[in-house]
1. When DSSP assigns beta bridges and you keep just the ones with both residues in the chain, what percent turn out antiparallel, to the nearest 5?
2. Calculate one ³J(HN,Hα) per residue across the stretch 270-275 by plugging θ = phi - 60° into the Karplus curve 6.51 cos²θ - 1.76 cosθ + 1.60, and present them in order as whole Hz with x for glycine and proline.
3. Please identify, among GLY291, GLY57, GLY305, the residue showing maximal mean-square fluctuation in a Gaussian network model of the chain using a 10 angstrom Cα cutoff.
4. Would you work out which of LEU308, HIS233, PHE95 lies farthest towards the positive end of the dipole of the chain, given +1 charges on the beta-carbon of Lys and Arg and -1 on that of Asp and Glu, about the Cα centre?
5. Report the per residue volume, in Å³, of the convex hull enclosing the C-alpha atoms of the chain.
6. Tell me, in nm to one decimal, what length is gained between ASN119 and LYS91 on full extension, where the rule is 0.36 nm per residue of separation less the Cα-Cα distance?
7. Mind checking the full-extension length gain between SER282 and ASN245? Use 0.36 nm per residue of separation minus the Cα-Cα distance, one decimal, nm.
8. Can you tell me the length gained on complete extension of the stretch ILE34 to SER131, counting 0.36 nm per residue apart and subtracting the Cα distance?
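Bear in mind these aren't lab numbers, they're just calculated from the coordinates by the rules spelled out. Note that the coordinates shown come from a computational prediction; the quantities given were computed from them, not determined experimentally. Cβ placement follows ideal geometry from the backbone for every residue including glycine, while neighbour counts extend to all protein chains displayed.
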Amino acid sequence: MYWSFFYKILSLIDPETAHNLVIKIIKNGFLPKIKTKSIPLKVMNIKFENPIGLAAGFDKNAQTIDQIHKMGFGFSEVGTITVFPQEGNPKPRIFRLPEDKAIINRNGFNNDGLTLIKNRIKNFRKKNKFSNIKLGINIGPNKDSIDRIKDYTKLIHEFAKYADYLAINISSPNTPNLRKFHSDKNFKNLIISIKKEINKLNNCPPILIKISPDVSNTELKKIIKETVKHKLHGLIISNTTIKRNVKSKYKKETGGLSGEPLFEESTKVLIMARKILNDIGSHISVIATGGVHDGKSAYIKILCGADLIQLYTSMVYEGPFIVKNILDQLDRFRKRDNIKNWEDVKGLAKSIDEAYKIVENGLIKKS
Ligand SMILES: Cc1cc2nc3c(=O)[nH]c(=O)nc-3n(C[C@H](O)[C@H](O)[C@H](O)COP(=O)(O)O)c2cc1C
């Protein structure tokens, strides 16, 4: 009850100040432990308590990993982390669009940098040896780096030991030219260097590429072909969009749009990615991100091919019980549709309309 009051207060404060306040509050343990349904699953050979994770950007500096677990998340992706600390773009750089249940941000990788964050994660690992939360570490280059590929490989080298998976962010719209890594030649060069770095390490966790929802089908095909060819583990679909299908007065602000208006865009890319993978007879893991806000939207992502799901913006609007609510609603769908194993329905829908129909009418099993 007091959380809903607290959330109302937060919505009146400037978004970045509110965010920093929330980080401070939860870091100091002022958060109830929320009991959630367990949906254990294994993806990329990693055991997750449930498929719902916190997307990158919320805990940029790895300050609240255990507290995120208390909220019920099965995994958390910290970052984006760069080699050197970075201020990011001038403020204001985060805008709430409540009538669209969306956010526009143009943060520009503001973070504490490799050295400090690595120490924090090391301490977290030391103190929480038996914690079940899985940790993704999301990495990217400094804005003015003269060799961006070298930044990625250095960060892989430094974080490989501490991550359950590494996310290579090539899709933030707020670092100039970063999205050029989606083009064939640049992507190939990046993947070849990443592969070389992996080969130097004794142990490397799964590596996933976080892509843009604004990617063209041609680019997507090439990205998938190279990812599969070099045996990387998967994709995160997707980051924020530069498109604007929103009503808010802030729609002209530059930056990446997240939340409900991103749901269909990112799900279409997810469907296309699964189709391309089926066509080449390959399977890699996909974490689906973008506009997930309830059990229905989470179920649609699974039907369209998600192995795991992440969210960020809906937590800003719905509060800390979001994971519990999604898992409860997913469980109701599981019972209604007689699903023994979520894996059985993954990728069952070939279009977003088909997925909506299943969610509305239930799963009619073909005999
Ligand atoms: C304020 C804010 C900051 C973000 N920062 C990052 C980031 O540093 N790195 C990243 O890969 N994604 C970042 N994202 C994108 C999210 O991880 C996610 O991909 C996107 O918001 C879509 O999910 P959602 O609709 O559930 O929010 C950020 C999103 C928001 C709203």
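1. Taking every DSSP beta bridge within the chain, about 30 percent pair in antiparallel fashion.
2. Karplus-based 3J(HN,Hα) across the stretch 270-275 equals 4, 4, 4, 5, 5, 5 Hz.
3. Comparing GLY291, GLY57, GLY305 in the GNM, the peak value goes to GLY57.
4. HIS233
5. Each residue corresponds to 136 Å³ of Cα convex hull volume.
6. 7.3 nm
7. Extending this stretch completely gives an extra 10.0 nm.
8. Working: separation 97, 0.36 × 97 = 34.92 nm, distance 1.55 nm.
In short, 33.4 nm is gained.
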